[in-house]
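To start, the structure under review is shown below, and the notes come after it.
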Amino acid sequence: MSIKLVVNVGSKEELLQKIETKEITQYVKVQFNCICCGKHSIKGGRSLIRRPILTCTSCSNKESSKAYQSNEDAKRRRLVAYKVTMARKPKKSKVKSNLSHEEKMRIALKKRKQTNLKRYGAENTGGLNRIPETDEQKKVRIEKIRKTKLEKYGNSGYGNPLKGKATKLKKYGDANYNNQKLSKRKYFYNNTYFDSSWEIAFYIYLKDNQITFEFHPDIFFKYDFNGKQHNYYPDFIVNNTPIELKGSQFFCNGTMINPFDRSQDELYKAKYNCMIKNHVKIISNKEIKPYIDYINRTYGRAFLKECRVHANK
């Protein structure tokens, strides 16, 4: 059984019905047209379950602002009641300590060491000042964990598969559901998934200005690294020019690197040389800013955030 990540809703009645039938849960995104301004919007299921009103973020903020302004009298009454309540309570006398901050910290550290010694048999059980455990202490700790698992679950290598399946069944509707596939946050717009907000901004700008382009085209360039052949796929083809959207963190000293795994720098360098060889235009932080600004001006600053969704790919 697969979980739907995006649900389309046309009216409040349909929204309430899908909430009741559990088709809309807190883990899905809901697409709808705002009942106030008619703008196409995306909201999380969690917020709509709490407040089932089909309004975009902008209109919701306006309504909240109106309600806030209309409750000035209520706020004044609450303030008067709060002052009366506080006047009835006896005032606590504040005794200032003459101890310096360093002395207070020494006392707190001494107390923590005494507590750790009483509970765990060691003064420092964690943190930067942790005392390294001996081989004998490590054996005792591992044996204690093994005995606890064996006694509690009947298996010293316990991973609680039954509880894991029950949680997945409750959360995703499938006991064997692989939620690791949703670890990468993606974006959804116009029935298309995007890897980043940059891709959506560039995609919408090209579409709005009727510029000929292909998104994630079925075109690739080959390059070799360590005797193996690799394929590089550009993000866009715009007027027959391949385009790559890449943040500045991927570049260092005039070449491309992998900032998340520096052991792959040579591979990324070979990929970068392939991009240069095939005249790929790279759009980085400075070049992407006008497209982001266009989206913020045209669709609102909350638009890109509303398009964010987990992609089951």
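Scoring residue 61 on the criteria (1) at pLDDT 85 or above; (2) surrounded by 10 or more Cβ atoms within 10 Å (Cβ to Cβ) leaves a single failure, condition (1). The residues of the range 213-236 that are part of a strand (DSSP E or B) and over 29 Å from the mean Cα position of the chain (by Cα), listed by number, are 213, 221, 222, 223, 224, 225, 228, 229, 230, 231.
For every residue, the table says whether it meets (1) within 20 Å of residue 304 (Cα to Cα); (2) in contact with a helix residue (DSSP H, G or I) (Cβ under 8 Å, 6 or more places away or on another chain); (3) touching a residue at least 60 places away in the same chain (Cβ under 8 Å).
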residue	(1), (2), (3)
6	yes, no, yes
10	no, no, no
14	no, no, no
27	yes, yes, yes
31	yes, no, no
43	yes, yes, yes
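Residues that are part of a loop (DSSP other than H, G, I, E, B) and under 24 Å from residue 193 (Cβ atoms) within the range 41-60 comprise 54, 56, listed in sequence order. Scan the range 120-136 for residues that are at pLDDT below 80 and not in a loop (DSSP other than H, G, I, E, B) and jot them down. Answer for the range 120-136, where residues must be at pLDDT below 80 and not in a loop (DSSP other than H, G, I, E, B): just 120.
Annotation for the range 182-192: at least one member residue is within 30 Å of residue 31 (Cα to Cα), surrounded by 11 or more Cβ atoms within 10 Å (Cβ to Cβ), modelled with pLDDT under 70 and not aromatic (Phe, Trp, Tyr). With respect to (1) surrounded by 14 or more Cβ atoms within 10 Å (Cβ to Cβ); (2) at pLDDT below 75; (3) within 30 Å of residue 22 (Cβ to Cβ); (4) not small (Gly, Ala, Ser), the lone exception for residue 153 is condition (3). Scanning the range 245-304 for residues that are surrounded by 12 or more Cβ atoms within 10 Å (Cβ to Cβ), touching a residue at least 12 places away in the same chain (Cβ under 8 Å) and touching a Pro at 6+ places or on another chain (Cβ under 9 Å) yields 247, 250, 275, 278, 280, 281. Flag set for residue 244, criterion: of a type outside the set (A, V, I, L, M, F, W, C), in the same structural domain as residue 306 (by TED's automatic domain parsing) and modelled with pLDDT of 95 or more.
Reported count of residues in the range 16-25, each being of a type in the set (Asp, Glu) and free of Cβ contacts under 8 Å to residues at least 12 places away in the same chain, is 1. Of the listed requirements (1) buried (at least 17 other Cβ atoms within 10 Å of the Cβ); (2) not in a helix (DSSP H, G or I), residue 38 misses just one: (1). For the range 256-313, the set of residues classified as in a helix (DSSP H, G or I) and among the polar types (S, T, N, Q) consists of 263, 264, 273, 285, 296, 298, listed by residue number.
The values are calculated or read from the model by the stated rules, or taken from the named source; none is laboratory data. Just so it is clear, the structure is predicted and the values come from calculations on it, not from any experiment. Here Cβ is always computed from backbone atoms with ideal geometry, including for glycine, and neighbour counts include all displayed protein chains.
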